1. Net charge around S12, counting only other residues with Cβ within less than 10 Å of its Cβ (Lys, Arg = +1; Asp, Glu = -1)?
2. Assigning unit charges at the beta carbon (Lys, Arg +1; Asp, Glu -1) and nothing else, what dipole magnitude in debye, to the nearest 20, does segment 47-96 show about its Cα centre?
3. Put +1 on the Cβ of every Lys and Arg and -1 on every Asp and Glu Cβ in segment 1-85; which of P32, A74, P2 then has its Cα farthest towards the positive end of the dipole?
4. Based on the alpha-carbon gyration tensor of the chain, what equivalent-ellipsoid semi-axes (square roots of 5 times the eigenvalues) come out, in whole Å, largest first?
5. I'd like to compare 52-60, 70-78: which one has the highest average count of other Cβ atoms within 10 Å, and what's the full order after that?
6. Enumerate the lysines that K37 could reach by cross-link, defined here as Cα to Cα under 18 Å, with residues fewer than 8 away along the same chain left out.
7. Taking the Cα centre of the chain as the origin and placing charges on Cβ (Lys, Arg +1; Asp, Glu -1), which of A133, A162, G143 is farthest toward the positive end of the dipole?
8. What order do you get for R167, R107, R93, R11 when you list them from fewest to most C-beta neighbours inside 10 Å?
Amino acid sequence: MPEELSRQLARSEIFSGLKKEDLTALATIAAPVQFKKGEEIFAEGDTGDALYQIVAGSVSITKKDLSGVKREIAVLKANDILGEMALLTNLPRSASAISRGDVRLLRIRKSDFDAWLQAGGPQTLRVLFHLIAILCHRLRDMGERVSQLLQKEASKAKPELAALRERLTKEWNF
């Protein structure tokens, strides 16, 4: 079973760059889970307690807008990862995840990941550094997109967007 789970983990963007032995070690804390159509995997505002990889099916990612209406912001499919920030932070979920049909996932609980890191071993640091590098790349990409959006909007002379743009470019290192 761990061999099958490690092959599945290798299909994701986040874990695809890891060595086979790192994936095998990580697979020891991965568990298959299933959700029926319309079931909530996690809700915006919940404490992040696990990372999930979609094995089969698709998941709708929704976020409440300023008026409180849930809006779909993404649809994730097989091999996509959701909830990855939960492994590294204790922050609340930034969005909700709802199964669009029957869905099979792999779950890595934060508590298991933390215990796995504490146990040490050569794989733990490689996996942790790899995960951090992927998240840093995503953060950089997001920062660039936000900067481009703010530049477009600032040209419309909206003072609050111009102020936000200035703050971001001073405080963030793009």
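Nothing in this text is a laboratory measurement; each read-out follows from the coordinates by a stated rule. All figures in this text were calculated on a predicted structure; none of them were measured in a lab. Quick reminder, even Gly has a Cβ in these numbers, built from the backbone with ideal geometry, and neighbours come from all protein chains shown.
1. Details: positive: R11; negative: E13, D80, E84.
My count for the surroundings of S12 gives -2.
2. Working: 6 positive and 5 negative charges, 38 e Å.
Value, rounded to 20: 180 debye.
3. Comparing the listed Cα positions along the dipole, A74 ranks first.
4. Working: eigenvalues 202, 90, 37 Å².
Listed largest to smallest, the semi-axes of the chain are 32, 21, 14 Å.
5. Working: 52-60: 19.4, 70-78: 13.3.
For the peptides 52-60, 70-78, the packing ranking is 52-60, 70-78.
6. Candidates past the 8-residue exclusion: K70, K77.
7. Farthest towards the positive pole: A162.
8. On the way: R167 11, R107 17, R93 20, R11 14.
Ranked by crowding around the Cβ, least crowded first: R167, R11, R107, R93.
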